[in-house]
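Heads up: the structure comes next, in structure tokens.
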Amino acid sequence: MTETKTVVVEREIGHAPEKLWRALTQPHLMEEWLMKNDFQPQVGHRFNLRGEWGGVLDCEVLSLEPPKSLSYTWNFKHEDPAYDLTSVVTFTLTPTPTGTHLRMEQAGFRPDQKQAFGGAHAGWKGFMDKLEALLAKED
Amino acid sequence: MGYGSVTETPHDTLFRTLADPTRRALFERLCRDGEQTVGALTAQAGVSQPAVSKHLGVLKAAGLVADRHEGRQTHYSAQLNALAPLIDWTSKMAGFWEGRFDALEDLLNRMDQ
């Protein structure tokens, strides 16, 4: 029993889905906006994203449907569980009259959160719900 | 990047502190009912006052509670800001992606059709 957390970032892009798809899937273009990589548009292909800060992400293509959706794992191994991250990134492209609606969803968890959210601490879930309600009230 | 510094481990401290059920119950109670004295907390904690005081000390060291002295009484209150690191990785990643999308749009504007 693991609770995942999700971050969604959406943007209206003034370019056609086909062009955006190239930027999302061609390694030399991906490098310009994301990170250095050895991506290949092929389900099951394992690749790395290499950040300027020296970090290396382990990735695997899970699905792709040009020029509509692309999904790959986004895992960051770190000896400190606080920075270890296992997640899946999914891009969804929807044509609009002016270009493309781009939606990025990243779903994942860290081992420390996995532990805390797990069955060993049954009270945690309710606690987090209450906490979020409290924090919302604080704003 | 969205992963923070490698030297800080605020998550570790917070999770270790809140992993103890008695401490978590004390903290929940302060979140729910507002400021409380050690005596009032002890009355419902099911453990001795020295034990409650010790747990409150650990919570305070983690920044999760603050204390206020009034006469002989010490009042404790929850410090919700201390929990920000626990619920923050998604907002950090959101910031990362917003920045990447800026670069993506910049790239698209420079690309040929």
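General remarks:
- Alpha carbon centroid spacing (whole Å) that separates region A:1-55 from region B:32-50: 51 Å
- Amide H contacts for B:Val47 (H built 1.01 Å from N in the peptide plane; partners 5 or more residues away or on another chain; cut-off under 5 Å): none found.
- Net charge over other residues, Cβ less than 13 angstrom from the Cβ of A:Arg46 (K, R count +1; D, E count -1): -3
- In region A:33-103, the GluC sites (Glu not before Pro) that fall in loop regions by DSSP, at most 10 other Cβ within 10 Å: A:Glu52, A:Glu79
- Per-residue HN-Hα couplings for region B:67-81 [Karplus 6.51, -1.76, 1.60; θ = phi - 60°; Hz; x = Gly/Pro]: 10, 9, 8, 9, x, 8, 8, 10, 9, 10, 9, 6, 10, 5, 4
- Neighbour-count ranking [beta-carbon atoms within 10 angstrom, fewest first] of B:Ser48, A:Ser69: B:Ser48, A:Ser69
- Loop-located chymotrypsin sites (Phe, Trp or Tyr not before Pro) in region A:23-78, at most 10 other Cβ atoms within 10 Å (DSSP): A:Trp53
- Cross-link table A:Lys36/A:Lys77; A:Lys5/B:Lys60; A:Lys5/A:Lys68; A:Lys19/A:Lys68, entries beyond 22 Å C-alpha to C-alpha: A:Lys5/B:Lys60; A:Lys5/A:Lys68
- Extent of region B:9-112 along its three principal axes (Cα atoms, max minus min coordinate, largest first): 73, 25, 20 Å.
Each value in this text was obtained by applying a stated rule to the coordinates, not by laboratory testing. Note that this is a predicted model, so its numbers are computed, not measured. Backbone-built Cβ (ideal geometry, glycine too); neighbour counts: all protein chains shown.
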